[in-house]
Amino acid sequence: MVTSQGLLLRRYRCSLLLFLAGLVLSGVTAFPLQKELELAAGVRGVGHLEDATNGVDRWIVVVRDGLRQTYSSYPWVAYGTDWLAFAHLVIAVLFIGPYVDPLRNKWVIQAGLVLCAGVIPLALIAGEVRGIPLGWRMIDCSFGVGGALPLLYCLHLTRRMERLSEPEDS
């Protein structure tokens with residue numbers, strides 16, 4: 001089956017936009033962590049640790065209360081997550097190059113795949129050191145895997161576009 005360069009490019013860009021949306025969403029949601037946890041606890045009806053009837057609710061309350069205590073005494077600690085959020089947005093900007101010119105910027109996709117792979121050992125090792133429950137570390141690992149899937153598809157499409165753009169031998 002022969003697929004046109006234009007169709008491959010559209011598929012590529014849709015897949016890359018999916019990746020970018022996840023990256024930007026991860027970034028902007030890192031700014032208001034305490035407010036998000038307050039909202040999550042309210043929606044789930046868990047005001048206090050005693051109200052939590054499962055692991056998810058307990059973790060939401062523990063993290064929310066930890067942020068409450070920390071931010072009330074040391075509000076500048078939130079500045080660290082502001083920089084984390086900003087880093088997500090900066091990384092997203094780097095993917096504009098591959099969106100515009102996939103063949104020339106294939107290296108950005110490849111670097112993104114390396115970074116997605118790096119999420120897994122970071123989540124497993126640093127999560128263990130910081131006392132993050134295994135289930136939450138697995139969720140964090142899923143971001144690396146979930147990010148890699150559209151990037152792998154982009155890399156596959158890039159290779160197909162490269163083959164289509166090669167001059168035919170006479």
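The values are calculated or read from the model by the stated rules, or taken from the named source; none is laboratory data. Every value quoted in this text rests on a predicted model; they were computed, and no experiment measured them. Glycine also receives a Cβ, built like all others from the backbone with ideal geometry; neighbour counts cover every protein chain displayed.
Could you say which residue among V108, V90 is more than 25 Å from I60 (Cβ to Cβ), modelled with pLDDT of 95 or more and not assigned by TED's automatic domain parsing to the domain that holds G22? Lay out the reasoning, then the answer.
Values: V108 fails: not assigned by TED's automatic domain parsing to the domain that holds G22.
The match here is V90.
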Quick one: which residue in S26, S15, S73 is under 30 Å from R163 (Cα atoms) and either polar (S, T, N, Q) or touching a strand residue (DSSP E or B) at 6+ places or on another chain (Cβ under 9 Å) (or both)?
S15
Among the residues of region 1-55, which ones are at pLDDT below 90 and of a type in the set (S, T, N, Q)?
T3
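Residues are listed down the side, and each one gets a yes or a no for (1) charged (D, E, K, R); (2) modelled with pLDDT under 95; (3) loosely packed, with under 14 Cβ neighbours inside 10 Å; (4) farther than 19 Å from F31 by Cα:
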{"site": "G66", "(1), (2), (3), (4)": "no, no, yes, no"}
{"site": "F86", "(1), (2), (3), (4)": "no, no, yes, no"}
{"site": "D101", "(1), (2), (3), (4)": "yes, no, yes, yes"}
{"site": "P121", "(1), (2), (3), (4)": "no, no, yes, yes"}
{"site": "S142", "(1), (2), (3), (4)": "no, no, yes, yes"}
{"site": "E168", "(1), (2), (3), (4)": "yes, yes, yes, yes"}
When you check I132 against the structure, is it part of a loop (DSSP other than H, G, I, E, B), free of Cβ contacts under 8 Å to residues at least 24 places away in the same chain and among the β-branched types (V, I, T), yes or no?
yes
Of the residues G118, G112, which single one is touching a Cys at 6+ places or on another chain (Cβ under 9 Å), assigned to a helix (DSSP H, G or I) and either in contact (Cβ under 8 Å) with a residue 24 or more places away in the chain or closer than 27 Å to V145 by Cβ (or both)?
G112
Being of a type in the set (V, I, T) and under 30 Å from A41 (Cβ atoms) is the filter here, so list the residues in region 92-119 that pass it.
V119
Failed criterion for N105 (all others in (1) over 30 Å from S15 (Cα atoms); (2) surrounded by 15 or more Cβ atoms within 10 Å (Cβ to Cβ); (3) out of contact with any His (no Cβ under 9 Å at 6 or more places or on another chain) hold)
(1)
Among the numbered criteria (1) within 30 Å of G47 (Cα to Cα); (2) surrounded by fewer than 17 Cβ atoms within 10 Å (Cβ to Cβ); (3) within 16 Å of the chain's Cα centre (by Cα), which one does R137 miss?
(2)
For region 1-80, which fully contained helices (runs of 4 or more DSSP H) count at least 3 residues that are in the same structural domain as Y153 (by TED's automatic domain parsing) and free of Cβ contacts under 8 Å to residues at least 12 places away in the same chain?
5-28
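Surrounded by fewer than 17 Cβ atoms within 10 Å (Cβ to Cβ), modelled with pLDDT of 95 or more and of a type in the set (K, R), is that true of R58?
Details: surrounded by fewer than 17 Cβ atoms within 10 Å (Cβ to Cβ): yes; modelled with pLDDT of 95 or more: no; of a type in the set (K, R): yes.
Considered against the rule, which asks whether it is surrounded by fewer than 17 Cβ atoms within 10 Å (Cβ to Cβ), modelled with pLDDT of 95 or more and of a type in the set (K, R), R58 comes out as no.
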